[in-house]
Amino acid sequence: MPSLHAVSPKQLPPYFRQWIEEDVPYIITQEERREFLKLQSDGEREHFIELFWESRNPTPHSSINTFKEEHYRRLAYARANFGDDRYNDGWRTDMGRVYITLGPPQQKSNFHQGISTRPVEIWFYYANTPALPPTFNVVFYKPSEVEDYKLYSPRSDGPSKIVTNDPHDDAKALHTIDQSMGAEATHAMVSLIPSEPINIDHPDPSMESDILLSMIRSLPDQKLERQRIERQREASREVVTSRIFTGFNATELQTAVLRDSRGLSSVHYLVRKEQPDGGLIGVLPDKQTGYAMTLETHVLTEGGKAVYQRSDHLTGVTSAAGTAAGKAKLFAAEGRLPLVPGSYVIETILTNEISRESFRASQHVVVPVPQPDSLGVSGLIVYQGHALQTTRDQLPFTLAGLRFPPRGEQLIELHQGDKLPLVYQLWLPRPAQTASGPKPEAAPRLIKVHYTLGSIALSSGDPSRIEEDQDVSTADADAVGNLVSGYAVDTSNLREGTYRLVLRAIDPAFPRAAVASMTVRVVASTVPVDVWTAFGDEKLHPEWQDDMLRGIAAEALEHPEEATGYYRRVLAAKPDAPDAQSHLDALIKRSERKSPGE
């Protein structure tokens with residue numbers, strides 16, 4: 001039971017102290033913090049932490065909590081890229097705090113070597129919560145060579161803090177910034193709100209920017225954000241009720257974003273049963289033994305607008321040995337969704353055509369925008385068996401002509417001592433286009449990859465913590481900068497429990513590390529962990545069909561220029577594609593209606 005008197009975080013056992021002070025200080029409400037510090041036993045604290053994450057789970061009671069997964073990925077990224085490596089304090093810095101709170105910016109402008117200006121970074125965001133303005137900038141500047149980047153306030157700091165040649169005149173400072181960085185940066189020095197009018201000759205920052213910064217710092221306690229979390233708690237309670245009445249048999253959706261040989265993104269996904277289900281294999285209509293399932297997949301925008309859907313038929317005949325093995329293993333259906341960068345909700349319905357049972361799963365997915373000036377990394381995929389050569393690039397989990405039979409993505413369960421074979425893509429920065437043509441490719445170099453596997457909080461004092469290093473040559477990257485790599489992590493020192501695997505990749509040519517992570521659960525040897533999978537009949541089809549789906553996705557996200565580009569690609573490859581022409585005509589008509597004077 002909670003006590004009337006709170007304890008100090010310093011009095012907590014190390015795990016709980018780290019959780020409240022380092023893991024969640026930017027996402028926990030003050031009320032939740034007070035409640036946690038009043039708890040008297042470790043059991044109560046464990047239960048509190050479980051409820052804390054579940055109340056923020058976009059898919060209540062799913063074993064994969066994408067909010068928690070993303071939060072610990074952000075925390076690992078902040079530790080890897082900000083602050084001092086010696087003290088693992090990147091989460092404490094201003095950049096670390098904003099990154100953990102808001103995630104990666106939609107756009108980033110770096111002015112590290114301006115003329116008569118201090119190093120500056122401007123991060124541009126589309127708000128993912130109604131508690132913040134729809135669009136805004138966050139500005140950081142480096143006051144001196146030895147200091148970390150500091151959060152910039154137009155009122156408290158002012159443009160004169162950014163320049164090195166005239167520290168007392170904001171108007172002159174703005175003109176220097178305008179010449180060195182351009183108009184957008186100049187506007188951000190007076191207002192972080194892009195739509196707010198400014199006067200460059202007589203700068204007088206309003207309170208709006210400081211209010212924005214205050215809201216970011218106290219985001220969990222903002223009224224609209226608290227209401228959002230409360231709605232999530234209510235949704236969690238509703239799911240519990242529906243399970244009781246429907247006999248819910250849990251499935252989970254796991255996803256990873258991969259890029260093809262053209263540099264275009266697809267979501268590769270698994271719809272996995274959480275327990276073996278012997279009813280998936282039975283007698284088919286032709287009296288043979290096998291399986292027959294339908295996988296319906298619906299793609300929606302973050303706001304709930306339908307993008308597209310697909311239906312895959314998963315069928316096969318099994319031998320007596322295969323039937324016995326399949327009934328003892330977990331099952332996962334595989335799929336692939338061509339998409340453009342953006343935020344989506346993916347909903348799946350897996351139907352067993354033998355028993356007519358259906359199982360639902362969903363997940364929020366972000367397809368990242370390619371970054372021209374920094375290294376990127378895909379999600380981590382654990383595969384089983386050996387990679388298989390294939391010419392069918394449309395198959396799920398196919399990279400560089402090799403298909404990797406998947407066992408798990410964001411979450412993997414294994415027995416103590418099992419090898420953890422990983423595969424993933426590194427996305428190399430692409431040389432910029434110049435007036436005279438493409439910039440020459442750089443000479444091959446080594447990417448430094450560091451793997452850390454330890455307790456969920458990745459405490460450096462964890463005795464079972466595993467750290468391993470690998471050098472990956474860029475010589476094997478394809479023409480668009482995709483570099484497939486892998487590693488087998490040894491888990492023999494891990495006891496039963498939940499751990500975090502974090503990959504940190506550093507390109508010596510660029511300052512920021514790329515980070516990927518996944519949850520690893522070591523379970524008792526009696527718990528089934530092996531998986532058998534099936535996917536639909538992915539016949540060879542031309543690239544224009546993928547381009548058509550990406551055009552539809554871009555249109556749903558209200559990116560008409562991007563959608564137009566994909567539809568034109570489709571028509572260039574297949575002039576008689578009727579859907580592409582009708583979509584293109586509709587976009588052109590809408591554009592004409594919005595034109596001035598119409």
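So here's what we get for this one:
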{"quantity": "Single residue of the stretch 184-220 satisfying the filter (among the small types (G, A, S) and farther than 30 Å from R34 by Cα) that is modelled with the lowest pLDDT", "calculated": "S195"}
{"quantity": "Residues (of a type outside the set (V, I, T) and open to solvent by less than 30 Å² (accessible area, probe 1.4 Å)) located in the stretch 148-179", "calculated": "L151, Y152, S153, P154, D157, G158, P159, S160, A171, A173, L174"}
{"quantity": "Extreme residue, modelled with the lowest pLDDT, among residues of the stretch 227-239 that are more than 23 Å from the chain's Cα centre (by Cα) and not polar (S, T, N, Q)", "calculated": "V239"}
{"quantity": "Check on I100, assigned to a strand (DSSP E or B), touching a helix residue (DSSP H, G or I) at 6+ places or on another chain (Cβ under 6 Å) and open to solvent by less than 20 Å² (accessible area, probe 1.4 Å)", "calculated": "no"}
{"quantity": "Qualifying position, being crowded, with 20+ Cβ neighbours inside 10 Å and in contact with a helix residue (DSSP H, G or I) (Cβ under 8 Å, 6 or more places away or on another chain), among A573, A563, A514, A577", "calculated": "A563"}
{"quantity": "Lone qualifier among H202, H168 - being under 30 Å from E145 (Cβ atoms) and part of a loop (DSSP other than H, G, I, E, B)", "calculated": "H168"}
{"quantity": "Subset of the stretch 126-138 that is under 15 Å from R217 (Cα atoms) and touching a Pro at 6+ places or on another chain (Cβ under 8 Å) - its residue that is surrounded by the fewest Cβ atoms within 10 Å (Cβ to Cβ)", "calculated": "A127"}
{"quantity": "Odd one out for P105, checked against (1) touching a residue at least 40 places away in the same chain (Cβ under 8 Å); (2) within 17 Å of A78 (Cβ to Cβ); (3) open to solvent by 10 Å² or more (accessible area, probe 1.4 Å)", "calculated": "(1)"}
{"quantity": "Residue list for the stretch 571-590, filter: within 20 Å of V307 (Cα to Cα) and of a type in the set (A, V, I, L, M)", "calculated": "A577, A580, L584, A586, L587, I588"}
{"quantity": "The lone exception for G401 - which of (1) surrounded by 15 or more Cβ atoms within 10 Å (Cβ to Cβ); (2) modelled with pLDDT of 90 or more it fails", "calculated": "(1)"}
{"quantity": "Strands (runs of 3 or more DSSP E) (entirely within the stretch 335-421) containing at least 1 residues that are free of Cβ contacts under 8 Å to residues at least 12 places away in the same chain, of a type in the set (G, A, S) and assigned by the TED database to the domain that holds T289", "calculated": "357-367"}
{"quantity": "Meets criteria (closer than 19 Å to A127 by Cα, open to solvent by less than 20 Å² (accessible area, probe 1.4 Å) and out of contact with any strand residue (DSSP E or B) (no Cβ under 8 Å at 6 or more places or on another chain)) for S214", "calculated": "no"}
{"quantity": "Residue check for L422: open to solvent by less than 20 Å² (accessible area, probe 1.4 Å) and at pLDDT 95 or above", "calculated": "yes"}
{"quantity": "Residue list for the stretch 205-230, restricted to those being among the aliphatic types (A, V, I, L, M) and under 13 Å from I28 (Cβ atoms)", "calculated": "L219, I229"}
{"quantity": "Every residue from the stretch 111-125 that is under 16 Å from N165 (Cα atoms) and out of contact with any helix residue (DSSP H, G or I) (no Cβ under 9 Å at 6 or more places or on another chain)", "calculated": "Q113, P119"}
{"quantity": "Scan of the stretch 5-25 for residues that are in a loop (DSSP other than H, G, I, E, B) and open to solvent by less than 30 Å² (accessible area, probe 1.4 Å), ordered by number", "calculated": "L12, V24"}
{"quantity": "Extreme residue, surrounded by the fewest Cβ atoms within 10 Å (Cβ to Cβ), among residues of the stretch 240-259 that are of a type in the set (D, E, K, R) and either modelled with pLDDT of 95 or more or out of contact with any Ser or Thr (no Cβ under 7 Å at 6 or more places or on another chain) (or both)", "calculated": "R243"}
{"quantity": "Residue satisfying all of: in the stretch 26-52; of a type in the set (S, T, N, Q) and farther than 30 Å from Y87 by Cβ; most open to solvent (accessible area, probe 1.4 Å) among these", "calculated": "Q40"}
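The values are calculated or read from the model by the stated rules, or taken from the named source; none is laboratory data. As the structure is a prediction and not an experimental result, all values here were calculated from the model. No Cβ is skipped: glycine too gets one built from the backbone with ideal geometry, and neighbour counts run over all protein chains shown. Note: areas computed on protein heavy atoms with side chains; ligands, DNA, RNA excluded. Shrake-Rupley method; radii C 1.70, N 1.55, O 1.52, S 1.80 Å.
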